[in-house]
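The values are calculated or read from the model by the stated rules, or taken from the named source; none is laboratory data. Small disclaimer: the values here were computed from a predicted structure and weren't measured. Cβ placement follows ideal geometry from the backbone for every residue including glycine, while neighbour counts extend to all protein chains displayed. Only protein heavy atoms, including side chains, enter the accessible area calculation; ligands, DNA and RNA are left aside. Shrake-Rupley method; radii C 1.70, N 1.55, O 1.52, S 1.80 Å.
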Amino acid sequence: MNSPVSPPEEAWLRSRFAEPRTVSPIAAGDGHLWRSPEEIRPAAVLVPVVRHESGLTVLLTRRTAHLTDHAGQISFPGGRAEPGDADAARTALRETAEEIGLEAARVEVLGELHPYVTVTGYRVTPVVGLVTPPLELRPDDFEVAEVFEVPLKFLLDPANHQRNRVLTEGRERHYYAMPYGQYYIWGATAGMLMNFYAFLTG
């Protein structure tokens with residue numbers, strides 16, 4: 001499963017997960033403002049960091065426009081936990097295989113980030129994994145409109161981070177955004193990416 005990559009960049013990423021570290025999250029989500037604790041369900045997503053000779057990238061998806069939750073938005077592959085899932089990593093890998101056809105054998109799990117509570121009522125655990133090409137993806141046409149990659153260096157550059165606000169049901173909400181070309185990465189996905197940024201650079 002070895003492939004040419006930028007050794008210093010990958011070594012640095014691995015080193016951040018190699019030892020126990022406590023880093024305060026930048027964004028924890030505000031789903032608790034709209035949901036009772038009993039309504040918040042466990043979920044997990046994979047943060048797929050892809051190894052390329054030119055450097056590391058993060059794989060993201062664009063959801064189809066007809067979905068009930070987060071239609072048309074940029075997201076990580078993942079979903080709700082099932083009773084048979086042993087842990088968050090199992091949930092993330094299972095859901096990723098179902099959504100985009102990325103097999104668990106291609107993913108080396110490095111660790112987890114701080115959970116993020118979404119407005120739709122999920123406590124999402126981001127699971128960071130190194131992915132070795134070739135990917136040979138098979139996206140689920142019902143859920144996934146597009147799969148694309150963003151350079152990790154772009155996502156870790158503070159110049160590309162935005163913090164915006166919006167009024168929702170009379171409440172002011174703050175959210176992060178990381179526009180990348182034609183893709184507007186915002187909300188929960190951007191919040192989790194901000195926590196990834198904090199973890200790696202803190």
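Provide a single number: the residues in the range 101-119 that are out of contact with any helix residue (DSSP H, G or I) (no Cβ under 7 Å at 6 or more places or on another chain) and under 29 Å from Ala198 (Cβ atoms). Full working, then the answer.
Quick first cut of the range 101-119, residues out of contact with any helix residue (DSSP H, G or I) (no Cβ under 7 Å at 6 or more places or on another chain) only: 101, 105-106, 108, 115.
Narrowing further to those that are under 29 Å from Ala198 (Cβ atoms): 106, 108, 115.
Residues flagged as out of contact with any helix residue (DSSP H, G or I) (no Cβ under 7 Å at 6 or more places or on another chain) and under 29 Å from Ala198 (Cβ atoms) within the range 101-119 amount to 3.
Search the range 183-197 for residues being under 28 Å from Thr22 (Cα atoms) and in a strand (DSSP E or B), and hand back the single one that is modelled with the lowest pLDDT. First the steps, then the outcome.
So the first thing to find is which residues in the range 183-197 are under 28 Å from Thr22 (Cα atoms), and the list is 185-197.
Subsequent filtering for residues that are in a strand (DSSP E or B) retains 185-186.
Working: Ile185: 97, Trp186: 93.
Result: Trp186.
Which members of the range 161-182 meet the condition of being open to solvent by 60 Å² or more (accessible area, probe 1.4 Å), at pLDDT 90 or above and more than 20 Å from Val50 (Cα to Cα)? Explain how you work it out, then say what you get.
Pass one, the range 161-182, residues open to solvent by 60 Å² or more (accessible area, probe 1.4 Å): 162-163, 165-167, 169-172, 174, 180-182.
Filter again for at pLDDT 90 or above, leaving 162-163, 180-182.
Within the range 161-182, Gln162, Arg163, Gln182 qualify.
Applying a threshold of 9 Å to beta carbon distances and a minimum spacing of six or more residues, or different chains, the list of pairs starting in the range 145-161 at a residue that is of a type in the set (Lys, Arg) and ending at one that is not in a loop (DSSP other than H, G, I, E, B) reads Lys153/Glu9; Lys153/Gly55; Lys153/Leu56. Taking the range 31-50 as the range and being under 25 Å from Glu143 (Cβ atoms) and of a type outside the set (A, V, I, L, M) as the test, the residues that pass are Gly31, Trp34, Arg35, Glu39, Arg41, Pro42, Pro48. Only residues that are closer than 20 Å to Ser24 by Cα and part of a strand (DSSP E or B): list them for the range 153-172, please. Across the range 153-172, the qualifying residues are Gln162, Arg163. Only residues that are within 19 Å of Gly202 (Cβ to Cβ) and touching a Gly at 6+ places or on another chain (Cβ under 6 Å): list them for the range 111-127, please. Answer for the range 111-127, where residues must be within 19 Å of Gly202 (Cβ to Cβ) and touching a Gly at 6+ places or on another chain (Cβ under 6 Å): just Tyr116. Among the conditions (1) within 21 Å of Ala89 (Cα to Cα); (2) touching a residue at least 40 places away in the same chain (Cβ under 8 Å); (3) crowded, with 16+ Cβ neighbours inside 10 Å, Val119 misses just one, which is (1).
Within the range 139-152, the set of residues being at pLDDT 95 or above and open to solvent by 30 Å² or more (accessible area, probe 1.4 Å) comprises Val147, Glu149, Pro151.
Yes/no matrix, rows are residues, columns are (1) out of contact with any Phe, Trp or Tyr (no Cβ under 9 Å at 6 or more places or on another chain); (2) surrounded by fewer than 16 Cβ atoms within 10 Å (Cβ to Cβ); (3) modelled with pLDDT of 95 or more; (4) charged (D, E, K, R):
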| position | (1), (2), (3), (4) |
| --- | --- |
| Glu38 | yes, yes, no, yes |
| Leu46 | no, no, yes, no |
| Val50 | yes, no, yes, no |
| Ala65 | yes, yes, no, no |
| Gln73 | no, no, no, no |
| Pro83 | yes, yes, no, no |
| Ala89 | yes, no, yes, no |
| Glu95 | yes, no, yes, yes |
| Val107 | yes, no, yes, no |
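Does Pro158 fit the bill of being farther than 24 Å from Ala97 by Cα and surrounded by fewer than 20 Cβ atoms within 10 Å (Cβ to Cβ)? Yes; evaluated as a whole, the condition is true for this residue.
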